[in-house]
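None of the figures in this text is laboratory data; all of them are computed from the coordinates on show. For clarity, every value in this text was computed on a predicted model and none was experimentally measured. Neighbour counts are summed over all protein chains in view; Cβ atoms, including those assigned to glycine, are modelled from backbone coordinates with ideal geometry.
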Amino acid sequence: MFYKSTRGMEKRLTASQVILQGLSKDGGLFVPEDIPAVDIKNIENIKGYKDIAFIILKKFLTDYSDEEIKSCIEKAYSINKFDNIDVTPIFILQEGCSVTELWHGPTQAFKDIALQIMPLLLSIAKEKNEIKNEIVILVATSGDTGKAALEGYKDVKGTKIIVFFPHNGVSEVQRLQMVTQEGSNTFSYAVNGNFDDVQNTVKAIFNDRNLNNILSEHGFELSSANSINWGRLVPQIVYYFYSYIQGLQKGLFNKNSEINFVVPTGNFGNILAGYYAKKMGLPIKKLICASNSNNVLTDFINTGVYDRKRNFYKTISPSMDILISSNLERLLYELSDKDSEYISSLMAQLNDNGNYKIETNIQDKIKDLFWANWADDETTKKQIGKDFVDKKYLLDTHTAVGRVVYLKYINFTGDTTPTFILSTANPYKFSISIYEALFGRPETGKSEFDLMYEIEERTSSPIPMPLRSLNEKKILHTGVIEKEFMAKEVLRILNINS
Ligand SMILES: *Cc1c(COP(=O)(O)O)cnc(C)c1O
């Protein structure tokens, strides 16, 4: 199988080449030329996550050998990385509504599913394509992606990873997760400034021709851990299939049943993987797109107009605080029958005017596949409290947005199709908001860890091991730097005198 760009100007590339390259040179995203099919009858009896992962990955990564794919899957999803044998287990919340927990990985959030395997695929891609340079991953993070990337690239051959986060701009738990990071090839720095300062400086480093030449002369090459890389998307298709398999095997529905998924959405990567799963043959009726107050996607799906010119809200579900959902471009490409000229013009309008309107025939297709709504912080917190009391289940703030939107969907449509809500983070990752949802405003002077222990005591939901011991771990990265020194620091790490 080959891949091409949504903007049509790139030559056909293999899977390993698109994983190495990330973004297409014409500014587009890589997509497979054809979407492969899975015969659903052949997977009904599959027993484990790794077996279905192999079937799915093999269909897309056709220039990797069976052994290569298997070894990546074994390493990424072993029991010492994911603390549950099912990797993405399901919890039955009520009749017709289950939760698929995507947060059993090393950093307790759904990004681990992709970021545990993608560095291994990249390392093999490098050998396959005889790339001699060492790959240096640069990440600007406002919290979660940085830690997930550090864990994913930790000790992966032929790579180094450097993460920059805003000093005083991340939570105490997030900061400790990054500054206690182990591994011989990992580096993390606090930078004086806000997230935009950090992100803009990282972008400037990527675009600095002179600096990139110096790096190349010394055998290094910069790369990003961006969520638009195909290598991050394809592992996410797996848990849609595995949710179905688990539901079937637990007798939640029968073989002819359709299912729905509710997806707490930001950059549109997670839910797009669901679209591919449906195209491959998984009997999905509706993909339900849940947003927080940054509800640009709700409006888009309901009106056909994408308009990023609107207020930006900082919410209690920060990983969904996004106004440009990059992966949407891939969906529009498929639904416009691969019309790359049309896609290029839409993306130019978004760039120049901040908005675009799609044709009605594409909007009709979107309405057929998707349903969308949103929830504000107050409603989301109330739902966390209510489900804890009624169902004895503690939802995180992102998943709770999905839960509110699920209840709205039932109300509006009366559809009783068995549904999975994708749960994207463990509640203890967002302890302050969870505490407020359950018990109201915390007394001043209590630390995030005090609140964590108190939630555990009062709810009996266990704190995940890596978070529990976090404030006792050794601090290994003490650097606090000015943004003007970020590029210098990269050179210093790589032992380059300039
Ligand atoms: C990244 C993230 C999301 C959003 O996923 P997208 O693929 O960007 O739509 C939702 N919840 C959590 C906890 C996340 O980390």
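Observations
- With R₀ set to 35 Å, the beta-carbon distance separating Ile496 from Lys382 gives a calculated FRET efficiency near 0.05.
- Cα centroid separation, segment 74-131 to segment 300-362 (Å): 28
- By average C-beta atoms within 10 angstrom, highest first, the peptides 322-331, 109-118: 109-118, 322-331
- Under 5 Å between amide hydrogens, built in the peptide plane, is the criterion, and for Ile288 it picks out Phe261, Val262, Val263, Trp371 among residues at least 5 positions away or on other chains.
- Checking every one of the GluC sites (Glu not before Pro) in segment 403-498 against DSSP loop status and a limit of 16 other Cβ atoms within 10 Å picks out Glu443.
- Helical mean residue ellipticity (222 nm; -39500 (n - 2.57) per DSSP H run of 4+; nearest 500) of the chain: -13500 deg cm²/dmol
- Taking 0.36 nm per residue of separation and subtracting the Cα-Cα distance, full extension of the segment from Asp390 to Asn302 would add 28.5 nm.
- Estimated FRET transfer efficiency when R0 is 35 angstrom, pair Glu67-Met465 (beta carbons, to 0.05): 0.65
- Projected over all directions and averaged, the alpha-carbon convex hull of segment 39-139 occupies 8.5 nm².
- Cα pair distances exceeding 20 angstrom across segment 356-426, given as percent: 40
- Counting charges near Lys338 (Lys, Arg +1; Asp, Glu -1) among other residues having Cβ under 15 Å from its Cβ returns a value of -4.
- Computed extension gain for Lys446 through Asp368, at 0.36 nm per residue and net of the alpha carbon distance, reaches 23.3 nm.
- Relative intensity, log₁₀ I(q)/I(0), of the chain from a Debye sum that treats every alpha carbon as a point, q = 0.05, 0.06, 0.08, 0.09 Å⁻¹: -0.18, -0.26, -0.47, -0.61
- Rg/Rg_ref, segment 205-351, where Rg_ref = 2.2 N^0.38 Å and atoms are Cα: 1.28
- Global geometry of segment 166-221, whether rounded, prolate or oblate, following the gyration tensor of its Cα atoms and the 1.5 cut on a/c: oblate
- When the convex hull of its Cα atoms is projected in every direction, mean area for segment 284-381 (nm²): 6.6
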